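Below: the structure, in structure tokens.
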Amino acid sequence: MKHTLRILTAFVFLILMSCKEKASNTDKSASSESVFVEVNDIERIEPPNWWVGFRSDSLQLLVKHPNISDYIPNINYSGISIEKVSKGNNSDNYLFIDLKISKSTSAGKFNIKFKNDNDEELIASYELKERIKPAEDYVGFDSSDAIYLITPDRFVNGVTTNDTPMAKEGGSQLQEKTVNRSDDYARHGGDIAGITKHIDYIHNLGFTAVWPQPLLTNDMKQGSYHGYAVTDLYEIDPRFGNLEEYQELSAKLKEKGMKLVMDQVANHCGLYHWWMKDLPFNDWVNLQDNFEENLENWGNSYTINSNHRRTTNQDIYASKADHEGMNEGWFVATMPDLNQQNPYMAKYIIQNSIWWIETAQLSGIRQDTYPYPDKDFMSDWAGAIMTEYPNFSIVGEEWSYNPLLIGYWQEGANNKDGYDSNLRSTMDFAMQNLVVEGIKEEESWDKGLVKIYEGLANDFHYASPKDIMVFPDNHDMSRIFTQMDGDVTNTKMAMATYAIMPRIIQMYYGTEILMNDFEKPGDHGLIRTDFPGGWQGDTVNAFTGEGLTDAQKDMQLFIKKLFNYRKDSKAIHEGQTVHFAPFVGAYFLYRTLGEETVVLILNKNEDIITIDLNYHDEMGLKGKTLKNIITGETIKWGDVMDLKSKGVTILTTKL
């Protein structure tokens with residue numbers, strides 16, 4: 001009996017050991033199979049990566065590869081499911097894969113496997129990343145911010161090795177290969193590194209945010225320097241630098257408490273965008289038939305350009321032909337008009353914006369040519385971003401001098417057609433123009449400073465006046481010093497007015513040193529001229545002051561004092577605004593919050609005038625001491641004030 005028991009025990013032990021060995025081998029096999037091996041057989045997948053933890057659980061992948069429509073994709077990753085696969089109707093080289101990413105999905109890498117009927121397999125690796133910070137921490141620009149606008153190619157050449165020639169990574173050489181600073185419309189060599197190296201200069205001027213014009217690849221034959229004809233929406237132009245340098249710029253700005261605003265273009269792309277050679281759908285761009293039929297002889301004579309009648313977005317009498325001509329016509333022959341009514345294009349643009357917010361840790365977006373795309377899409381686009389980032393900011397470019405049109409595009413507007421833009425900020429071209437006219441014009445009942453007074457009176461129309469962005473000039477209009485006919489005093493008056501009124505303010509690089517376009521007023525190449533000191537060998541250096549005229553140094557100091565005061569002034573950021581009708585060529589505007597009052601005084605009189613301050617008693621300043629933020633001098637507010645010369649005076653109760 002004992003002998004039999006020993007045999008049974010030994011037999012059971014052998015069985016257990018055998019099972020353990022098989023289990024061990026199985027575990028090793030499973031472990032081996034679970035090891036991730038990165039493979040990239042596919043030509044292009046966009047977005048190139050994504051993140052877990054978004055409010056929206058959907059992601060649409062654009063897959064571009066020869067004959068990829070013959071393949072069926074498969075993903076084996078916990079939390080991810082393929083909801084739908086779509087093919088383009090104009091090319092066999094695209095798939096659009098709609099994914100659902102569950103809230104429990106972990107960050108990680110996985111492979112997407114594609115198989116066709118011949119059992120041929122292609123593999124593409126993809127990554128879902130952890131988000132760096134909560135969505136609520138993406139805080140956008142607001143009325144406390146002053147934004148420094150830069151044309152990157154014309155600011156500073158920080159790295160000469162990326163000038164020319166330059167080949168795209170893994171691709172062909174870029175079409176515009178040379179740098180020529182003597183040609184206003186050629187590339188000059190400015191780059192991201194140049195901006196990063198001079199963050200301290202911008203910060204010390206008093207600015208809190210930087211808006212570079214588009215930095216994405218513009219592989220155009222000419223005029224690529226300005227950035228608005230994008231040919232790859234996921235690539236930094238190698239002549240500007242690379243993604244890592246862009247991320248470094250964002251990080252360095254944050255170290256200074258500053259923000260990065262990205263210039264984006266939803267309306268159009270560049271003619272040499274990679275997809276223009278192989279469009280996925282027959283309506284990927286507007287008027288696509290016209291483009292494809294005339295491709296060999298493409299040019300302005302064959303282009304159906306936009307009629308640029310932007311009022312058709314609101315005009316209750318607008319013809320259908322005018323409306324379609326505005327929204328569907330191409331901006332110019334070299335900028336194909338994207339069809340946002342195609343749902344795949346719409347999704348692509350929305351995801352691209354979100355990808356850049358996460359990747360570059362943006363604090364805002366400036367959207368170019370805002371009224372040109374399909375306006376319902378633009379509402380969806382802005383809404384999708386603000387849903388994911390509730391504290392973010394977007395400003396849209398509406399080049400109109402009509403406050404009714406400017407206000408129409410702002411979120412919260414009481415539009416009769418029920419349109420809700422989801423757009424926090426619009427650009428105040430109306431107030432920009434009125435300040436110039438108000439300061440330059442001879443005083444009369446309906447001209448001169450009254451234009452500023454009545455212009456601000458239009459704020460009753462805006463849902464949130466302080467969230468609108470005003471500016472003295474930009475990359476598309478004459479420099480403010482040129483607009484002011486070279487009058488330094490008038491330029492200072494304008495700058496102070498823009499900075500102190502209830503708005504976000506944006507200033508174009510070089511305004512602080514009186515850069516101008518007198519030689520060819522309005523010429524874009526000259527307006528976007530090189531910043532002195534940004535290139536090795538420059539005889540004038542605005543960063544150090546070397547070679548600047550006394551007038552330029554004085555203006556630079558004026559801007560520095562004005563914007564550094566503005567940076568810390570709660571009264572300017574969010575205070576109550578009160579102004580008094582212009583009288584004898586003088587205009588008073590007050591910004592008040594708590595114990596702080598800022599007084600802007602514009603005086604157009606060459607000779608001394610006396611102002612009766614009793615009329616201003618409601619401001620409660622009588623007997624108080626105020627300081628001039630530019631000169632540092634103090635005054636006691638009494639019954640009268642003598643204004644001794646033409647110019648601007650800015651006073652504060654903060655001593």
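The values are calculated or read from the model by the stated rules, or taken from the named source; none is laboratory data. This one's a predicted model, so the numbers in the text were calculated from it and none came from an experiment. Counting neighbours? That spans all protein chains shown, and the Cβs are built from the backbone with ideal geometry, glycine included. SASA here: full protein model, heavy atoms, side chains in, ligands and nucleic acids out. Shrake-Rupley method; radii C 1.70, N 1.55, O 1.52, S 1.80 Å.
A few comments on the model shown:
- For segment 291-301, taking the residues that are assigned to a loop (DSSP other than H, G, I, E, B) and over 18 Å from Ala229 (Cβ atoms), the one that is most open to solvent (accessible area, probe 1.4 Å) is identified as Ser301.
- The residues listed here are Glu595, Glu618, Glu574; of these, the one that is in contact with a Leu (Cβ under 7 Å, 6 or more places away or on another chain), farther than 30 Å from Met515 by Cα and at pLDDT 95 or above is Glu574.
- Among (1) closer than 30 Å to Ile468 by Cβ; (2) open to solvent by less than 40 Å² (accessible area, probe 1.4 Å); (3) part of a loop (DSSP other than H, G, I, E, B) - the single one Gln506 does not satisfy: (3)
- Pairs meeting the criteria (first residue in segment 431-458 and open to solvent by 70 Å² or more (accessible area, probe 1.4 Å), second residue in a loop (DSSP other than H, G, I, E, B), beta carbons under 7 Å, at least 6 apart or on different chains) are Lys440/Met484; Glu442/Gly448; Glu443/Leu449; Glu443/Gly585; Glu443/Lys604; Lys447/Glu441.
- Selection from segment 202-224 of residues that are under 20 Å from Arg366 (Cα atoms), outside any strand (DSSP E or B) and of a type in the set (A, V, I, L, M, F, W, C): Ile202, Phe207, Leu215
- Residue count, segment 551-566 (criterion: over 16 Å from Thr489 (Cα atoms) and crowded, with 18+ Cβ neighbours inside 10 Å): 3
- Condition met for Glu244 (farther than 20 Å from Thr231 by Cα, assigned to a helix (DSSP H, G or I) and among the charged types (D, E, K, R)): no
- Note on segment 598-655: residues that are farther than 19 Å from Phe580 by Cα, open to solvent by 80 Å² or more (accessible area, probe 1.4 Å) and among the hydrophobic types (A, V, I, L, M, F, W, C) total 2.
- Of all residues making up segment 44-66, the number that are in contact (Cβ under 8 Å) with a residue 40 or more places away in the chain and assigned to a loop (DSSP other than H, G, I, E, B): 10
- Long-range neighbours under 8 Å by Cβ, at least six apart or interchain, first residue in contact (Cβ under 8 Å) with a residue 12 or more places away in the chain and closer than 14 Å to Leu589 by Cα within segment 564-578, second crowded, with 20+ Cβ neighbours inside 10 Å and among the charged types (D, E, K, R): Ala571/Arg591; Ile572/Arg566; Ile572/Arg591; Gly575/Arg591; Gln576/Arg591; Thr577/Arg591
- Complete set of residues in segment 153-179 that are in a loop (DSSP other than H, G, I, E, B), modelled with pLDDT under 95, of a type outside the set (Val, Ile, Thr) and open to solvent by 10 Å² or more (accessible area, probe 1.4 Å): Asp163, Pro165, Met166, Lys168, Glu169, Gly170, Gly171, Ser172, Gln175, Glu176, Lys177
- In segment 184-198, the qualifying residues are those that are in contact (Cβ under 8 Å) with a residue 40 or more places away in the chain and over 21 Å from the mean Cα position of the chain (by Cα), and the one that is farthest from Gly525 (Cα to Cα) is Gly189.
- The residues in segment 112-150 that are assigned to a loop (DSSP other than H, G, I, E, B) and exposed (fewer than 15 other Cβ atoms within 10 Å of the Cβ) can be counted, and the count is 11.
- Residue list for segment 393-413, filter: under 30 Å from Ser56 (Cα atoms), touching a helix residue (DSSP H, G or I) at 6+ places or on another chain (Cβ under 6 Å) and among the hydrophobic types (A, V, I, L, M, F, W, C): Ile394, Ala413
- Complete set of residues in segment 534-550 that are surrounded by 14 or more Cβ atoms within 10 Å (Cβ to Cβ) and either farther than 21 Å from Phe207 by Cβ or in contact (Cβ under 8 Å) with a residue 60 or more places away in the chain (or both): Gly534, Trp535, Asp538, Val540, Phe543
- Taken over segment 68-92, the criterion of being assigned to a loop (DSSP other than H, G, I, E, B) and either more than 27 Å from Phe36 (Cβ to Cβ) or touching a strand residue (DSSP E or B) at 6+ places or on another chain (Cβ under 6 Å) (or both) is satisfied by Tyr71, Tyr77, Gly88, Asn89, Asn90, Ser91, Asp92.
- The residue of segment 48-69 that is farthest from Asp117 (Cα to Cα), among those that are crowded, with 16+ Cβ neighbours inside 10 Å and over 28 Å from the mean Cα position of the chain (by Cα), is His65.
- Applying the criterion of at least 3 residues that are farther than 30 Å from Phe543 by Cα to the strands (runs of 3 or more DSSP E) found wholly in segment 554-655 leaves 576-583, 586-593, 596-603, 609-612, 634-636, 640-643.
- Taking segment 354-373 as the range and being in a helix (DSSP H, G or I) and β-branched (Val, Ile, Thr) as the test, the residues that pass are Ile354, Ile357, Thr359.
- Search result, residues across segment 311-346 that are part of a helix (DSSP H, G or I), open to solvent by less than 60 Å² (accessible area, probe 1.4 Å) and over 18 Å from Met276 (Cα atoms): Thr312, Asn313, Gly325, Met326, Asn327
- Options Ala251, Ala333, Ala229, Ala266: the member that is modelled with pLDDT under 95 and hydrophobic (A, V, I, L, M, F, W, C): Ala333
- Residue, nearest to Phe331 (Cα to Cα), within segment 374-389, restricted to residues that are part of a helix (DSSP H, G or I) and charged (D, E, K, R): Lys375
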